[in-house]
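Accompanying notes for the structure given below.
No value in this document is a laboratory result; all are computed from the given coordinates. The structure presented is a predicted model; accordingly, all values stated were derived computationally and were not measured. Using ideal geometry, Cβ is built from the backbone for each residue, glycine included, and neighbour counts are taken over all protein chains shown.
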Number of protein chains: 2
Amino acid sequence: MLDTIKDIIQYISQYHESLVVSFILAILAGLTAVKTIPRLKQPFLNAKLSGIDILKPNKPILPETLGLPIAIIYLITMFLFIPVPFIDWFGGKFFFSVVHDEAPHLGTFPYHKLGEILSAILAIQSMVLLGFADDVLDVRWRYKVWFPAIAGIPLLIFYYTNFGVTYVVTPIQLRPWFGDMIHLGPLYYVYMLSLIIFCTHSINILAGINGIEAGQTLVISLSIIINDLLYIYKNPDQRSVEVHLFSLYFMLPFTGVTLALLYYNWYPAKVFVGDTFCYFAGMTIAVVGILGHFPKTLVLFFIPQMFNFLYSCPQLFRFVECPRHRMPRVLVDNKNDQSKVLLHCSVVTLNQERKPTGKLGRAMLEFLNVLGLLHVISRDDHGRISQCNNLTLLNLVLSYTGPIPENRLTCTVLLIQILCSLLAFYIRYSLVKFVY
Amino acid sequence: MLDTIKDIIQYISQYHESLVVSFILAILAGLTAVKTIPRLKQPFLNAKLSGIDILKPNKPILPETLGLPIAIIYLITMFLFIPVPFIDWFGGKFFFSVVHDEAPHLGTFPYHKLGEILSAILAIQSMVLLGFADDVLDVRWRYKVWFPAIAGIPLLIFYYTNFGVTYVVTPIQLRPWFGDMIHLGPLYYVYMLSLIIFCTHSINILAGINGIEAGQTLVISLSIIINDLLYIYKNPDQRSVEVHLFSLYFMLPFTGVTLALLYYNWYPAKVFVGDTFCYFAGMTIAVVGILGHFPKTLVLFFIPQMFNFLYSCPQLFRFVECPRHRMPRVLVDNKNDQSKVLLHCSVVTLNQERKPTGKLGRAMLEFLNVLGLLHVISRDDHGRISQCNNLTLLNLVLSYTGPIPENRLTCTVLLIQILCSLLAFYIRYSLVKFVY
């Protein structure tokens with residue numbers, strides 16, 4: 001194992017100088033973020049960008065939206081990185097002696113690659129702008145659900161302008177009917193848009209406790225990095241190597257700034273990440289998945305988020321009553337000892353008179369109950385569920401583990417995320433043989 | 001004159017379809033902005049994005065930062081416009097039948113043009129993001145003076161990656177010494193950065209009364225559009241036509257949204273534009289000047305801003321005392337009749353004991369006085385200036401016109417801006433023959 005890692009590092013430093021630059025920039029970006037965040041706490045509090053950490057007994061007011069500065073640091077890092085992959089075309093000579101009429105390789109310069117990087121940064125930055133607008137203006141869900149679609153336009157437009165691939169390889173079992181490839185045409189753009197919307201919002205939904213947003217993002221981004229490294233290592237297919245290098249260029253600095261944010265957002269949090277971070281993270285990951293040509297593998301890394309979303313659906317779409325907040329609740333043993341503060345799952349009471357639950361909603365709950373995915377607290381005289389946990393992954397975990405401290409809940413969910421990533425790798429590298 | 005305009009319109013609709021699309025998008029963007037701004041007034045007030053209109057007798061609280069939504073509308077318009085100039089390469093077939101292996105023109109596709117558009121939008125969007133961050137967080141001047149430089153990075157990087165021209169044509173009089181062209185090399189990048197910083201902040205400095213920020217922007221953008229149209233009309237040089245088309249693609253929708261904002265910001269203002277708008281406007285104009293290859297002509301359109309900046313320098317750099325606010329002051333004749341509210345120039349009192357004015361500062365004031373650019377109110381026993389108008393263009397105009405209503409002040413300054421644009425055209429198309 002250690003030998004393989006050493007081997008990979010040696011291989012990279014030998015053949016992929018840009019990647020080394022990207023790695024160094026990632027470290028610098030992370031360190032800059034670590035230095036910057038504490039300085040911004042007061043200005044953010046002054047600007048009323050703040051929130052109450054309601055899961056702590058003393059309910060401290062923390063600065064919110066610290067996702068903004070780390071996103072800006074990330075964007076500046078990416079701006080500076082733009083020319084690096086093209087350094088060969090400049091003969092390594094920066095700034096000096098590059099004049100239009102002296103450029104011999106003009107015809108061969110990979111402008112489409114440059115355009116790809118620019119459109120990716122543009123999409124990410126659009127999402128940061130809209131995310132920040134949401135944090136400040138508190139936009140309603142019915143509008144902001146479309147924000148990622150707007151931010152994704154430059155990416156899709158570039159994909160289109162770049163004569164993008166719009167076919168998917170057919171699974172072996174379906175080939176007799178559909179042929180080796182299915183040309184999705186415009187549907188492929190719908191598919192990409194859905195991916196963007198899903199990635200962006202799913203991180204925002206699995207949220208609410210210290211360290212969970214940045215934590216899950218970190219696990220996903222590390223999974224992507226490992227997947228990329230496995231691809232580029234001694235791969236003879238130059239095109240495949242290139243797209244995964246592209247992915248790494250975006251993921252390494254992203255991981256750097258995410259780590260810095262997690263450091264301050266970890267229990268007990270000193271800052272909140274804000275919607276800005278969730279949007280920024282989701283979009284960056286989606287962009288990399290699309291332009292890196294691994295949208296299916298990417299979806300595999302989102303298994304917990306996908307589960308959380310599907311699990312939430314009965315409440316999100318109002319088949320079952322949905323209280324305004326579904327966050328875990330605090331159980332205080334001893335007010336003065338913060339380590340004794342435990343979280344237990346929050347509960348929804350189905351009030352049959354005020355807001356009757358329909359047949360479909362009840363069927364959903366009973367189905368979840370049969371699967372062992374519901375913690376039923378009480379039933380009414382007719383045997384119908386009258387109290388159960390709110391339908392979020394956090395509450396489900398709590399209903400199994402019982403009351404635990406906030407940091408242990410974060411760790412448990414992150415452990416689930418890691419296990420799911422391992423499962424994703426298993427599917428991607430072993431099971432896939434039976435399908436493709 | 002009318003015939004010429006008709007001729008130009010006919011010429012454009014015949015040869016430049018993309019321009020017609022851009023024009024239609026500009027109208028749509030403007031109308032969308034007109035519809036959107038009133039709806040956002042309450043949400044912006046709720047989010048505490050608001051300011052007091054202190055030049056009105058009843059001091060109303062108005063929503064601020066309405067530059068953000070119009071910038072977002074502009075950006076979305078530009079996203080949607082991206083593929084339009086390249087429509088020939090798709091054979092006019094949108095979405096359907098564009099598959100990688102069927103693309104015959106792949107080699108000839110002008111990716112560098114696409115990259116140019118993407119990097120321009122990226123720079124503008126970066127400035128919007130930083131401008132909005134400034135509006136929310138109220139960043140100090142010593143930091144935000146560098147914001148345009150940061151936002152300009154993608155533009156300069158693209159310019160560099162695109163083997164950008166870094167020479168300037170030498171004026172005839174200097175050719176014996178320097179040759180026909182001067183290769184500025186890295187200095188050219190410093191020159192471009194300075195232009196970006198200047199354009200962005202100069203609009204932000206000539207501000208403070210209803211309609212002035214959007215008004216001056218409108219005059220400048222219309223001047224650029226006229227200049228572009230003069231260039232593309234029956235010009236045989238294809239390359240020159242292309243860069244000015246590029247400029248028009250950016251300026252037309254920009255003018256559309258600026259008009260919409262001006263409509264609501266005009267006296268008596270219903271909304272404020274915020275730093276976001278000034279930054280957005282300055283950056284868009286600077287980007288167009290740089291990538292449209294007319295930075296020198298652009299500077300000519302900024303004569304009033306340049307004058308205002310130079311005129312302000314003694315106070316900005318603290319050679320002369322600078323009060324916190326230098327806005328014109330209100331002179332109320334009749335509190336109940338708003339039409340009777342007049343503005344007169346605000347005054348700085350040079351307190352020799354508290355904050356002595358240095359010799360250099362005094363010399364500057366006396367120099368301005370000799371030029372007729374200072375309204376001296378009083379002198380002390382030693383004959384030194386002890387009271388004069390604050391050094392801004394607005395106060396200078398007021399010191400000449402005497403107390404006038406706010407809307408007349410705006411109109412006067414805009415008239416100056418228009419006259420300066422005419423002067424710019426005269427310099428550009430007549431005087432220039434003596435220099436180049």
Checklist entry - Looking at the square roots a ≥ b ≥ c of the eigenvalues of the Cα gyration tensor of the range B:319-411, which shape do they give, rounded for a/c under 1.5, prolate if a/b is larger than b/c, or oblate? => result prolate
Checklist entry - Helix hunt in chain A: which complete DSSP H runs extend at least 18 Å axially by C-alpha with mean Kyte-Doolittle at least 0.5? => result A:17-46, A:67-81, A:111-137, A:147-161, A:186-205, A:212-232, A:238-265, A:274-291, A:406-429
Checklist outcome for this item: Across A:67, A:211, A:51, the residue with the highest GNM fluctuation in chain A (Cα network, 10 Å cutoff) is A:51
Checklist entry - Roughly speaking, what is the centre-to-centre gap between the range B:303-326 and the range B:237-280 when only Cα atoms are used, to the nearest Å? => result 26 Å
Checklist entry - Once you charge only the Cβ atoms, +1 for Lys and Arg and -1 for Asp and Glu, what is the size of the charge dipole of the protein assembly as shown about its Cα centre, to the nearest 20 debye? => result 2060 debye
Checklist outcome for this item: Hits in the range A:280-300: amide N under 20 Å from the 7 Å Cα→Cβ extension of residue A:15, namely A:292-294
Item to check | Full-stretch length increase - residue B:324, residue B:431 - with 0.36 nm per residue and alpha-carbon distance subtracted | outcome: 34.4 nm
Checklist entry - Taking the Cβ-Cβ separation of residue B:35 and residue A:367 as r and a Förster radius of 45 Å, what is the calculated FRET efficiency to the nearest 0.05? => result 0.50
Next on the checklist: At 1.567 mPa s and 4 °C, plugging the Kirkwood radius over alpha-carbon pairs of the protein assembly as shown into Stokes-Einstein gives what diffusion coefficient in µm²/s?
Outcome noted: 43 µm²/s
Checklist entry - How far apart are the residue A:36 label points across copies, placing each 7 Å from Cα toward Cβ, in nm, shortest first? => result 2.6
Checklist entry - Given the rule -39500 (n - 2.57) for each run of at least 4 DSSP H residues, summed and divided by the residues of chain A, what is its mean residue ellipticity at 222 nm, to the nearest 500 deg cm²/dmol? => result -20000 deg cm²/dmol
Checklist outcome for this item: In terms of the alpha carbon gyration tensor, root eigenvalues a ≥ b ≥ c, rounded if a/c is under 1.5 and otherwise prolate when a/b exceeds b/c or oblate, the range A:271-357 is oblate
Checklist entry - For the pair residue A:194 and residue A:407, how long in nm is the line joining their label points, each one 7 Å along Cα→Cβ? => result 4.1 nm
Next on the checklist: Can you tell me which of A:275, A:135, A:88 moves the most in a GNM of chain A? Springs connect C-alpha atoms under 10 Å apart.
Outcome noted: A:88
Checklist entry - Which far-off residues, 5 or more places away or on another chain, put their amide H under 5 Å from the one on residue B:386, with H placed in the peptide plane? => result B:378, B:379, B:380
Checklist entry - In terms of Cα to Cα distance under 27 Å, which lysines are near enough to residue B:296, apart from those fewer than 8 places away along the same chain? => result B:113, B:144, B:234, B:433
Checklist outcome for this item: Given backbone amide H placed at 1.01 Å from N, residues whose amide H is under 5 Å from that of residue A:166, ignoring those fewer than 5 places away on the same chain, are B:100
Checklist entry - Picking from A:199, A:345, A:313, which is most flexible by a Gaussian network model of chain A using Cα springs under 10 Å? => result A:313
Item to check | Overall form of the range B:52-91 per C-alpha gyration tensor (a/c, 1.5; a/b vs b/c) | outcome: prolate
Next on the checklist: Give me the extension gain from residue A:84 to residue A:296: residue separation times 0.36 nm, minus the current Cα-Cα distance, reported in nm with one decimal.
Outcome noted: 73.4 nm
Checklist outcome for this item: Pseudo-spin-label distance residue A:376 to residue B:183, built 7 Å along Cα→Cβ, given in nm, is 8.3 nm
Checklist entry - How high is the FRET efficiency between residue B:42 and residue A:6 when r is their beta carbon distance and R₀ equals 56 Å, given to the nearest 0.05? => result 0.35
Next on the checklist: How large is the translational diffusion coefficient of chain B in µm² per second when you combine the Kirkwood radius over alpha carbon pairs with Stokes-Einstein at 20 °C and 1.002 mPa s?
Outcome noted: 91 µm²/s
